[in-house]
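Below is one structure, written out as C-alpha cells; the observations come after it.
Computed from the coordinates by the stated procedures, all read-outs in this text should not be read as laboratory data. Please read these numbers as outputs of a predicted model, since none were measured by experiment.
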Amino acid sequence: MNTKAKHSPGPWVVNDQQHHSLQIQPAGHPDIIARIVSPEVADSRYYDARIIVAAHELLAALEFAAHYLEHPDIMPASATLERARAAIARAKG
C-alpha cells in the first residue's frame, strides 16, 4: 500500500471571506485548496466546509480503523472507536 499522501498537508482551516465565499486553506499558508461560493448566506456552506476541513482527520481515522481490522491483537478497539468518533464529530461540527 502506498502511504505517501498526494494531497496538501493538513491541518486545513476555513476562512470566511466577503461576498458569500468560504476558503479552505492549509493553516498558516496563503494557498487556497477550495472555495465554497453561495449566492446567499447559507448554513449548508459551513457544513460543507467542515467536511472538507475534516478530511485529513477522517482519512487518518479510517486508516487507523483499517489497521485495527488487520491487526486486532495489537490495537485496542476502544482507541479505534474513539478516534473514529472524534473525526466524525469534527466533520459534523
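Extension gain for residue 92-residue 44 works out to 16.1 nm (0.36 nm per residue, less the C-alpha to C-alpha distance). Helices in the chain, meaning DSSP H runs of at least 4 residues, each add -39500 (n - 2.57). Divided by all residues, the mean residue ellipticity at 222 nm is -15000 deg cm²/dmol.
Mind checking which of 36, 24, 74 has the largest fluctuation in a GNM of the chain, springs on alpha carbons under 10 Å? In this elastic network of the chain, the residue with the biggest mean-square fluctuation among 36, 24, 74 is 74.
Computed 3J(HN,Hα) for the stretch 81-90, one whole-Hz value per residue from the Karplus formula 6.51 cos²θ - 1.76 cosθ + 1.60 where θ = phi - 60°, is 5, 4, 5, 5, 5, 5, 5, 5, 4, 5, glycine and proline marked x. Phi-derived couplings, Karplus 6.51 cos²θ - 1.76 cosθ + 1.60 at θ = phi - 60°, listed residue by residue for the stretch 44-49: 4, 5, 5, 5, 4, 5 Hz, with x used for Gly and Pro. Which of the three applies to the stretch 26-70, rounded, prolate or oblate, going by the alpha-carbon gyration tensor with a ≥ b ≥ c and a/c under 1.5 meaning rounded? It is oblate, given that a/c is not under 1.5 and a/b is not larger than b/c.
Restricting the calculation to Cα atoms, the chain yields a radius of gyration followed by a Dmax of 15.9, 53 Å.
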